[in-house]
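Any read-out appearing in this document is the output of simple, stated calculations on the displayed coordinates, not a laboratory observation. None of the values given here were measured: they were computed from a predicted structure. When we count neighbours, we look across all protein chains shown, and the Cβ atoms used for this are built from the backbone with ideal geometry, even at glycine.
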Amino acid sequence: MAEYLVCSEHEIVDGGRKVVACGDKEIGIFRVKGALHAWHNMCPHRQGPICQGRIYPEVVEPVDENCEVRTLQYNEGNMHVACPWHGWEFNLETGRNPVGRYRLHRAELAIREGQVYVVL
Amino acid sequence: MDVLNKDRVHELPVQEIDVFTDTRDILAHAEKAAKRRGFQDWLICDVDAHHTETISWHELVQYIEDPVIRHQAMLFHDEKMGTASYGLNGDMGLKYQDVGGRIPHQAGIREKVDDGIHRDVTLTRRAMSALGVDYMVLFPTPMLTLGLHPQPEMEVYLGRAYNRWLIDKVLTKDDRIKTLAYLPFNVPKEAERTIEEFSGQPGVIGFCVPSTRHKPVHHNDYMRVYSMLQERDLPIAFHAAYHWQDQSLSTINRFLGMHALGFVWCNMVHLTNWILNGIPERFPKLKSIWVESGLAWVPFLMQRLDDQYLMRPSEAPQLKKLPSEYMRESCWYTTQPMETTNMKALELTLDMINAETQLLFASDWPHFDFDLPQEIYDLPFLSEQAKRNILGLNAARLFNLDPTPRKTL
């Protein structure tokens, strides 16, 4: 195993990211609700650059007591990254797609003395 | 544990891909995948890719033959504010393919092109290089709904202008870029004139009928068109699209549903008429290609038509075989968007359509549901020869292309 020193912890702000190449592996590190999450930059669909996709809150469609709908809304509690190749979406904290059948490959992080390392 | 210093870690130059990102950066993973699979030695023909012709519309309308319409179009572009491209119909504000910005290359390709070569040549070359493609067949995009234009002559004006412009600005600049020339199908005499004029022109390897239209492909008015194509050994492609003004689809409220059905429905209707009216019997050497409807619909239509035909053969008296036999012998299909969530179904589909000879790889780049050559290469149930046929050799045979790979990966 090897550790790759990426950056200091404060360089990745909440809602931000850093996508890096560690040797021949590409890793995206995201900060969501204060915590860092790292994913391999490889969409399980067609191996697209998932970590370089745009970040959106999950889209929900509230159903009222009459089973009717009238709006689409963003759920800021679940942040998704959308693959820029084909739009496949994954939760940035869990790595799972909306139906839970596909997931991103998590990369291990180590934080020491304010520095962020990727462990591969 | 080894701790590697920051020099061994490289921040990727593109942190978030957007509409300004270079094609080569968007498709960097595709290029690596192509190299890893050794595509340098494989002939890969991409039978359906696109450019956005409306970016060059001000240039294209100068190729309109009719002087009055040409003048009108040029003034329209010089003087009108806040309008769409001259003469085009289509859904305009209903084009949601980019899923609200999630797939930027579908929304727009605004990367820098400053090499002095026509933008569409450079962008096509970049895509070919990244995908590992030897030949790329270019189709227009907004023009695919011209078959529903309220003024049938507009399809003639713009279709001919497009063909002339594309040859002049793109096809003559790179002989690896090809097209199936636009056929103004709503005006059969003009379609015949188009075949006469554009057959044999640089880069023209067949003709294309955009499928969103309400003209019956079996009408007697088209028999001369088919005869001319058969004589010249040039294929006819039916390129699918969607159109929200289609009443049969008008209750659909999500683009997902419109795209899923619209891109299939038009070709299902045309292919049904094509087969049941015996066009393959009347023109046994005419090759038809069914483009951008995916593949899952084909087994359905084969079974459905076979069952119905056996109960009602008197309604299709020209047939000497089952509908499905014509569909697997005289029809070709492009792969994209290849449905892959059920691999058993895909395997059966490829078997039913005789993919080894009838299937043609297509990427549909730069659209949101594009496919890569690796999708075919990675299929576990195909022989290497079948993969080579689908990725390029079937197309080489169909279009009389040199099967020697031309790319440098």
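Here are the numbers:
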{"quantity": "11 Å beta-carbon shell around B:Met302, net charge (K/R +1, D/E -1)", "calculated": "-1"}
{"quantity": "Theoretical FRET efficiency, 1/(1+(r/R0)^6), r = Cβ-Cβ of A:Val63 and B:Ala84, R0 41 Å, to 0.05", "calculated": "0.65"}
{"quantity": "Ratio of Rg to Rh over region B:263-397 (Cα coordinates, Kirkwood Rh, two decimals)", "calculated": "0.97"}
{"quantity": "B:His58, A:His80 arranged by Cβ crowding within 10 Å, fewest neighbours leading", "calculated": "B:His58, A:His80"}
{"quantity": "Derived scalar couplings ³J(HN,Hα) [region B:383-394; Karplus, 6.51 cos²θ - 1.76 cosθ + 1.60; whole Hz; x for Gly, Pro]", "calculated": "6, 4, 5, 4, 5, 5, 5, 5, 6, x, 6, 4"}
{"quantity": "Cα-based convex hull volume of region A:57-98 per residue, rounded to whole Å³", "calculated": "88 Å³"}
{"quantity": "Whole-percent pair-distance distribution, where bins are 5 Å wide, for the alpha carbons of region A:1-71", "calculated": "3, 13, 19, 19, 14, 9, 8, 6, 4, 3, 2, 0"}
{"quantity": "At R0 = 60 Å, FRET efficiency that the Cβ-Cβ distance of B:Glu281 and B:Leu75 yields, to 0.05", "calculated": "0.75"}
{"quantity": "Chain A: most fluctuating residue of A:Cys43, A:Cys83, A:Cys67 per GNM, C-alpha cutoff 10 Å", "calculated": "A:Cys67"}
{"quantity": "Mean Kyte hydropathy of 1.0 or more with a Cα span along the axis of at least 20 Å, helices from DSSP in chain B", "calculated": "B:255-276"}
{"quantity": "The protein assembly as shown: equivalent-ellipsoid semi-axes (sqrt of 5 x gyration tensor eigenvalues, Cα, Å)", "calculated": "42, 26, 25"}
{"quantity": "Surrounding net charge for A:Lys33, when Lys and Arg each add one and Asp and Glu each subtract one, Cβ distance under 12 Å", "calculated": "-2"}
{"quantity": "P(r) weight above 26 Å for region B:172-287, C-alpha pairs, percent", "calculated": "26 percent"}
{"quantity": "Radius 13 Å from Cβ of A:Gly77, net charge of other residues (Lys, Arg +1; Asp, Glu -1)", "calculated": "-2"}
{"quantity": "Under 29 Å from the Cα of A:Lys25 - lysines, other chains or at least 8 residues apart", "calculated": "A:Lys33, B:Lys6, B:Lys32, B:Lys35, B:Lys112, B:Lys387, B:Lys407"}
{"quantity": "Dipole of the protein assembly as shown [Lys/Arg +1, Asp/Glu -1 at C-beta], most positive-end residue of B:Val225, B:Thr404, A:Asn78", "calculated": "B:Thr404"}
{"quantity": "Sequence of B:Met343, B:Met268 once ranked by neighbouring C-beta atoms within 10 Å, starting from the fewest", "calculated": "B:Met343, B:Met268"}
{"quantity": "MRE, 222 nm, helices only [DSSP H, n ≥ 4, -39500 (n - 2.57), over chain B, to nearest 500]", "calculated": "-11500 deg cm²/dmol"}
{"quantity": "Unmatched cysteines, chain A - criterion: no other Cβ of a Cys under 4.7 angstrom", "calculated": "A:Cys7, A:Cys22, A:Cys51, A:Cys67"}
{"quantity": "Highest-MSF residue in chain A out of A:Gly28, A:Gly15, A:Gly48 [GNM, Cα springs under 10 Å]", "calculated": "A:Gly15"}
{"quantity": "Label-point gap, in nm, between B:Gln308 and B:Gln62 - each point 7 angstrom along Cα→Cβ", "calculated": "5.0 nm"}
{"quantity": "DSSP beta bridges in the protein assembly as shown [antiparallel fraction, %, rounded to 5]", "calculated": "60 percent"}
{"quantity": "Paired Rg and Dmax values of region B:301-349, which use every Cα atom, in angstrom", "calculated": "13.5, 39"}
{"quantity": "Gain in span if fully extended, B:Thr52 to B:Asn220, counting 0.36 nm per residue against the direct Cα distance", "calculated": "57.1 nm"}
{"quantity": "Alpha carbon Rg of chain A, scaled by the compact-globule rule 2.2 N^0.38 Å", "calculated": "1.17"}
{"quantity": "Mean-position separation - Cα centroids, region B:142-202 and region B:32-55, in angstrom", "calculated": "23 Å"}
{"quantity": "Average projection area in nm² (convex hull over Cα atoms of chain B, one quarter of hull surface)", "calculated": "23.1 nm²"}
